[in-house]
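The values are calculated or read from the model by the stated rules, or taken from the named source; none is laboratory data. Note that this is a predicted model, so its numbers are computed, not measured. Side chains included, ligands, DNA and RNA excluded: accessible areas come from the protein's heavy atoms. Shrake-Rupley method; radii C 1.70, N 1.55, O 1.52, S 1.80 Å.
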Amino acid sequence: MNKPKIASDWMCGCAGCHMSLLDMDERILQVIELADLRSTPITDLKEPDESGVDVGVLEGGINNSANEEVAHKMRKRAKILVALGDCAVFGGVPAMRNFCGVEAALRQAYMDADSNEPGSQIPNDPELATMTKTRAIHEVVPVDFNVPGCPPDADVIFHVLAELAQGRKPELKNDLLHWH
């Protein structure tokens, strides 16, 4: 019997959710026994299989066209899409710039912060956030499961992945959610 395929990717955020995934320690081997871990930021494969995966996991919010492309690609290729962490579920810390706007956020980061050299300018770089708003994943593509937390606890991530790998719907009960 073929094991279900799991793929993950990260977008606008800090990568803390994937660090928490690694904090599963040896339990990651249990997940690998249950599922075929495909593309992730921590493996050699970097895009979900063109033929599709059973579970796609996205970390981070969406704040530029590259993030939007990643979200659409994962949604198209995954039977089940999981939004992992507060940035993916709610927009998180990156969405705080929505209150002041992109231009003001870039100006503060690159010019006005005390740590910047006098005369610093906003870089002219296509990698900088170009959308006017940071969005949660569900604002761009349909999401099947939301796993909040900043980052979600390794126990929660293990539970969600193990349940999905076994074809079950994970339930996040209060005793599983560890708020830091």
For the stretch 1-159, give the percent of accessible area contributed by carbon and sulfur heavy atoms, probe 1.4 Å, rounded to a whole number. 53
Using a 10 angstrom cutoff on alpha carbons, build the Gaussian network for the chain and name the most mobile of 18, 159, 138. 159
Please tell me the relative contact order of the stretch 35-180 in percent, rounded to the nearest whole number, where contacts are Cα pairs under 8 Å and at least six residues apart. 26
So how far, in whole Å, is the C-alpha centre of the stretch 1-78 from the one of the stretch 123-171? 10
Pairs from 79/169; 5/173; 46/79; 5/79; 46/133; 76/133 whose Cα-Cα separation, in the structure shown, is over 21 Å: 5/173; 46/133; 76/133
If amide hydrogens are placed 1.01 Å from N in the peptide plane, which non-local residues have theirs closer than 5 Å to the one on residue 153? 178
At a 1.4 Å probe radius, which order do 20, 65, 120 fall into by accessible area, largest first? 65, 120, 20
Solvent-accessible heavy-atom area per residue, rounded to whole Å², over the stretch 39-161 at 1.4 Å: 52
Taking the full set of protein chains and a 1.4 angstrom probe, give the accessible area of residue 157 in square angstrom, rounded to the nearest 10. 10
Order 51, 39 by their accessible area, 1.4 angstrom probe, all chains in place, largest first. 51, 39
Run the helix sum for the chain: -39,500 (n - 2.57) per DSSP H stretch of 4+ residues, divided by residue count, reported at 222 nm to the nearest 500 deg cm²/dmol. -8000 deg cm²/dmol
Vicinal HN-Hα couplings computed from phi for the stretch 72-82 (Karplus, 6.51 cos²θ - 1.76 cosθ + 1.60; Hz; Gly/Pro x): 5, 5, 5, 4, 5, 9, 10, 5, 10, 10, 10
³J(HN,Hα) across the stretch 45-51 via Karplus (A = 6.51, B = -1.76, C = 1.60, θ = phi - 60°), whole Hz, x for Gly/Pro? 6, 10, 10, x, 3, 4, 6
Given backbone amide H placed at 1.01 Å from N, residues whose amide H is under 5 Å from that of residue 8, ignoring those fewer than 5 places away on the same chain, are 39, 40, 57
In the chain the DSSP beta bridges are antiparallel at a rate, in percent to nearest 5, of 10
Put 24, 11 in order of accessible area, largest first, probe 1.4 Å, and you get 11, 24
With every protein chain left in place and a probe of 1.4 Å, what is the accessible surface of residue 75, to the nearest 10 Å²? 50
All alpha-carbon distances of the chain, grouped into 10 Å bins from 0, give the whole-percent distribution 10, 36, 32, 15, 6, 1, 0
Scalar couplings 3J(HN,Hα) for the stretch 18-23 by Karplus 6.51 cos²θ - 1.76 cosθ + 1.60 (θ = phi - 60°), nearest whole Hz, x for Gly and Pro, are 6, 5, 5, 4, 5, 5
